[in-house]
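Take a look at this one; I'll ask things after.
Since every read-out is calculated from the coordinates, none of them should be taken as a lab result. Values in this document were obtained by computation on a predicted structure and should not be read as measured data. Note: ideal-geometry Cβ built from the backbone for every residue, glycine included; neighbour counts use all protein chains shown.
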Amino acid sequence: GSVATNIMSDPHTGIQRAWTTLSGGNPNLKPEKGAMTVLGAVYSPSWLPGFQASVDGYSLLITDAIGSIGGVQIVTDCENSGGTAAICANVIRPCPFSNRTPDNFPLTVITSALNQAKVFQSGIDVETSYRMPLSNVVDSWEGSFELRGLLSIGIANKTKASASNATLSTLGSFLNAKYRGSIEGIYNNGPLTVRVSQRATGKAVRTFQQVYLNYANLPNRWYTDLTVNYKLQGIGVLDSVTGGEETQKEIFLTAQNLFNTKAPIVADCCSPKLQTATSKAVYDTIGTYVTVGIRFRR
């Protein structure tokens with residue numbers, strides 16, 4: 001396991017102090033059980049060749065779902081149950097639960113993965129694409145252009161940590177933004193392919209359970225990515241390595257976060273002053289990242 005130290009306000013003893021969380025494996029985990037329903041439709045009109053739109057609605061229910069709960073949430077859930085919830089076994093105190101003196105501040109809170117009672121998610125995915133030869137615009141232009149758009153709409157995202165806990169809705173918080181999407185343009189002309197994409201993180205809040213003053217919001221960020229591929233033919237050095245003309249070869253360049261979009265200041269985890277100044281799970285913290293290479297296969 002791994003050990004971390006944070007500062008928390010304990011609702012049971014009413015004091016704030018450094019505390020320890022222990023995370024790691026859990027040999028008592030059981031397999032998850034899930035059921036999913038998906039309903040979709042595709043529209044490809046004859047009056048607009050090259051255009052296609054699809055809509056997919058989904059509903060997912062998982063029982064005995066495997067997931068982790070933050071230490072503050074574990075302590076809060078136990079407190080709300082009056083010390084009767086199964087999750088209270090993850091809060092190690094030196095005295096019985098009935099003791100509310102400062103001496104009973106948690107020694108350790110175990111945040112290892114658990115079989116949560118239920119997870120329910122539902123949403124709608126919308127995807128559109130349009131492809132056309134550029135000669136439709138100007139007769140002398142070569143190649144084709146494709147424009148694609150994807151929008152994901154969250155309808156519900158609920159978790160019930162145990163039979164004794166209330167159902168917790170997390171739609172619109174942290175990694176569960178209600179709206180996310182991307183737009184992609186692709187130019188193809190023989191051996192050359194250029195792909196430019198815009199992806200949106202969506203807007204959310206850090207959590208519904210805690211307040212971080214002016215740093216609780218997770219604002220939307222747009223990131224631009226660029227990919228250029230060029231298929232190679234008759235490259236003698238590669239032919240000698242890979243065995244001749246049957247080999248597919250291409251040189252590529254990718255640039256992630258092309259315009260070096262900065263991450264916003266966001267409270268992370270339980271102690272904003274002790275953590276990074278943003279959420280690495282949501283935002284790009286590296287900046288522009290360029291990769292160049294050659295790939296080949298027979």
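Grab the DSSP H runs of the chain that are 4 residues or longer, score each as -39,500 (n - 2.57), total them, divide by all residues and round the 222 nm result to the nearest 500 deg cm²/dmol.
-1500 deg cm²/dmol
Would you pull out the residues with amide H under 5 Å of GLY172's amide H, same chain only if 5 or more places away, H placed 1.01 Å from N?
Here the answer is ALA177, LYS178, since their amide H atoms fall under 5 Å of that of GLY172.
What ranking, highest mean first, results for peptides 172-181, 30-39 when packing means the other Cβ atoms within 10 Å averaged over each residue?
By packing density, highest mean first, the sequence is 172-181, 30-39.
Which of the peptides 144-153, 288-297 is most tightly packed, and how do the rest follow, judged by the mean count of other Cβ atoms within 10 Å per residue?
144-153, 288-297
Continuing with the same structure: Through the Karplus equation 6.51 cos²θ - 1.76 cosθ + 1.60, θ set to phi - 60°, convert the phi angles of the range 178-183 into ³J(HN,Hα) values in whole Hz; use x for Gly and Pro.
5, 10, 9, x, 8, 10
A further question on this structure: Compare the peptides 254-260, 116-122, 93-99 by average per-residue count of other Cβ atoms within 10 angstrom and give them in order, highest first.
116-122, 254-260, 93-99
Now for a different question. For each pair in LYS30/LYS178; LYS33/LYS158; LYS203/LYS231; LYS33/LYS280; LYS178/LYS280, compute the distance between the two Cα atoms and list the pairs where it is over 27 Å.
Pairs exceeding 27 Å: LYS30/LYS178; LYS203/LYS231; LYS33/LYS280.
Using +1 at the Cβ of each Lys and Arg and -1 at the Cβ of each Asp and Glu in the range 1-107, identify which of PRO106, TYR43, GLY70 lies farthest towards the dipole's positive end.
PRO106
From the backbone phi of the range 85-95, what are the Karplus-calculated ³J(HN,Hα) couplings (6.51 cos²θ - 1.76 cosθ + 1.60, θ = phi - 60°) in whole Hz, Gly and Pro given as x?
So the J values, rounded to whole Hz, are 5, 4, 5, 5, 5, 8, 10, 9, 10, x, 10.
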